[in-house]
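*Asks:* My questions will all concern the structure given below.
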Amino acid sequence: MTLRVAIVGGGPAGIYAADILTKSETAVSVDLIERLPAPFGLVRYGVAPDHPRIKEIIKALQRVLAKPEVRFLGNVDFGVDVKLEDLREFYDAVIVATGAMADRDLDIPGEELSHGAADFVSWYDAHPDVPTTWPLDAPSVAVIGVGNVALDVARVLAKTGEEMLSTDIPAHVHAGLAAKTTTDVHVFARRGPAYAKFSPLELRELNHSPNVEVIVHPEGFDVDEHGMAHIAEHKAQKMVLNTLANWVGREPEGKPHRIHLHFAEAPVEILGDQRGVTTLRTERTHSPNADGSVEGTGEITDWDVQAVYRAVGYRSSALPGLPFDDRAAVIPNDGGRVLDLDGRPIPGTYVTGWIKRGPVGLIGHTKSDAAETVGHLLAETTATATAREPGDVDAYFAERGVRVATHESWELLDQHEIALGEAEGRLRIKVGDRAEMLRVGTSA
Ligand SMILES: Cc1cc2nc3c(=O)[nH]c(=O)nc-3n(C[C@H](O)[C@H](O)[C@H](O)COP(=O)(O)OP(=O)(O)OC[C@H]3O[C@@H](n4cnc5c(N)ncnc54)[C@H](O)[C@@H]3O)c2cc1C
Ligand SMILES: NC(=O)c1ccc[n+]([C@@H]2O[C@H](COP(=O)([O-])OP(=O)(O)OC[C@H]3O[C@@H](n4cnc5c(N)ncnc54)[C@H](OP(=O)(O)O)[C@@H]3O)[C@@H](O)[C@H]2O)c1
């Protein structure tokens, strides 16, 4: 008998789980249920357009989707088009891999005047469910947070629209970026430089644009004994610190756009009115604590900026019919087994990726994550005669008028985007409109 598994979420975590299932000794049949007509999650809708090398990973993910045991069922919204109890009828087990798409809150006055980095990323990556316009008329912008998302956001805000034209961005994103009037992007870390969460390579790349100068401000650029102990244990952070230290106080080259990095400045308030942001207020911090946490010194600075972006982490969302730990923003689990409110495993229900362990980690981390989850699933689940056939699932969606985007639909869309790119000497141009994605995917 074949073990029938539904995976909800077609990002890397879901696709790696499908891959590992097909490589097991158990006969499996896997349906990958994805809200969007296109697979790959944040690899397509998070990784920055000017990072085509990272998007190459899609080729490996694509090979998993092409396996005969795996079906891609796109344009299906779990919780709306199909519920957990329906999936239980059709499958022996369900793996939830819905990742994260929202922004974490900052919890400071005036936060409602700010933009979430996730929303901006969704716009420039042409996510089909977000508006096609974005306000980019602020000459000076603040970005809060010093992780890789903050770097992506700062870089896209600082680079010229022309620099971004060689990427896969569609016309509406290019037009938005080309009309941008931003000259200065101020990035704020609440802690010292030893705790910046940038990847070394991504940080160094910031310096490669002919139009963007990186200015590391010396105020707050201190590394105390706790910071030294931290970098001694974190090799990547030591490399980041070395790069930053090389940049502090260097002579400006006079490039037209600037990214300023400010350390030990915690955001305390965003000021403005309906017309927009006028000021970001920050407080200088110091770090008397061995764990690297900071305290305010009372020294306040007002920064003259006209837009503020929160790049302080993503947040997963609760799903209908499944428990959710609102504080950690994950589905409670034990190594991938979903736990009920009493902490007991819910049979046949598993979780993997960012919704399992929180929104931190690289694409590669979702592979080991999926291995742990699938290991438990295979050890605990057996195929039953009651689980229904793929044709029954297709009939279920057809009866409800759900227009499923299959793997073949994705292949058509993929070829179409590549052809659009070729016509302009680019690798690809994305289609960002859901109706158009579906139309292209069905026009054989
Ligand atoms: C802006 C950004 C840039 C990044 N850049 C890099 C990078 O350059 N290199 C790197 O290694 N890592 C990068 N990462 C990290 C990487 O993207 C994540 O580690 C990885 O995508 C997490 O995988 P996931 O499958 O858990 O979640 P996701 O990639 O978020 O995939 C979840 C999928 O579930 C789908 N889904 C959600 N809800 C539903 C529902 N109700 N029904 C059906 N489907 C649903 C979503 O549409 C999505 O396709 C980046 C992250 C971000 C936020
Ligand atoms: N190119 C790439 O490889 C790439 C690109 C994008 C994302 N990613 C990965 O995706 C994951 C998510 O990235 P991310 O940048 O969203 O998260 P992150 O790495 O966790 O960084 C979040 C940043 O926000 C700061 N922050 C949190 N709360 C704050 C607050 N209240 N006030 C001020 N600052 C606050 C954090 O500072 P503290 O340290 O002080 O908490 C940290 O600097 C990471 O693993 C990242 O490496 C990779």
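Values quoted throughout were computed directly from the atomic coordinates according to the rules given, and no laboratory measurement underlies them. Bear in mind the structure is a predicted one, so any value in this text is a computation, not a measurement. As a convention, Cβ positions derive from the backbone with ideal geometry for all residues, glycine included, and neighbour counts pool all protein chains shown.
*Asks:* For a quick check: with amide H placed at 1.01 Å from N, whose amide H comes under 5 Å from Gly313's, ignoring anything fewer than 5 positions away on the same chain?
*Replies:* Amide H neighbours of Gly313, under 5 Å, 5+ apart: Arg104.
*Asks:* A follow-up question, please. How high is the relative contact order of the chain, in percent, with contacts defined as C-alpha pairs under 8 Å that are six or more residues apart?
*Replies:* Relative contact order, the chain: 22 percent.
*Asks:* Within 10 Å, count the other beta carbons around each residue, average over each peptide in 436-442, 278-284, and list them highest first.
*Replies:* Descending packing order for the listed peptides: 278-284, 436-442.
*Asks:* Pick from Leu341, Leu413, Leu65: which residue has the top mean-square fluctuation in a GNM of the chain where Cα pairs under 10 Å get a spring?
*Replies:* Of Leu341, Leu413, Leu65, the most mobile in the Gaussian network model is Leu341.
*Asks:* In addition: How high is the relative contact order of the stretch 1-101? Use alpha-carbon pairs under 8 Å, at least six apart in sequence, and give a whole percent.
*Replies:* 43 percent
*Asks:* Between Pro390, Pro12, Pro37, which gets the highest mean-square fluctuation from a Gaussian network model of the chain, Cα cutoff 10 Å?
*Replies:* Pro390
*Asks:* Of the listed peptides 249-256, 260-267, 358-365, 88-95, what is their order by residue-averaged count of other C-beta atoms within 10 Å, with the highest listed first?
*Replies:* With the highest mean Cβ count within 10 Å placed first, the list reads 260-267, 88-95, 358-365, 249-256.
*Asks:* Taking every DSSP beta bridge that has both residues in the chain, what percent is antiparallel when rounded to the nearest 5?
*Replies:* Details: 23 of 63 bridges.
Percent antiparallel among DSSP bridges in the chain is about 35.
*Asks:* How many lysine pairs in the stretch 104-312, separated by 8 or more positions in sequence or lying on different chains, have Cα atoms less than 19 Å apart?
*Replies:* Close lysine pairs under the 19 Å cut-off: 5.
*Asks:* Over the Cα atoms of the stretch 104-312, how large are the radius of gyration and the largest Cα-Cα distance (Dmax), in Å?
*Replies:* 16.8, 50
*Asks:* Still on this structure: Considering only DSSP beta bridges whose two residues both sit in the stretch 104-312, what percent are antiparallel, to the nearest 5?
*Replies:* 40 percent
*Asks:* Rounded to two decimal places and with Rh computed the Kirkwood way over Cα pairs, what is Rg over Rh for the chain?
*Replies:* Ratio value, two decimals: 0.99.
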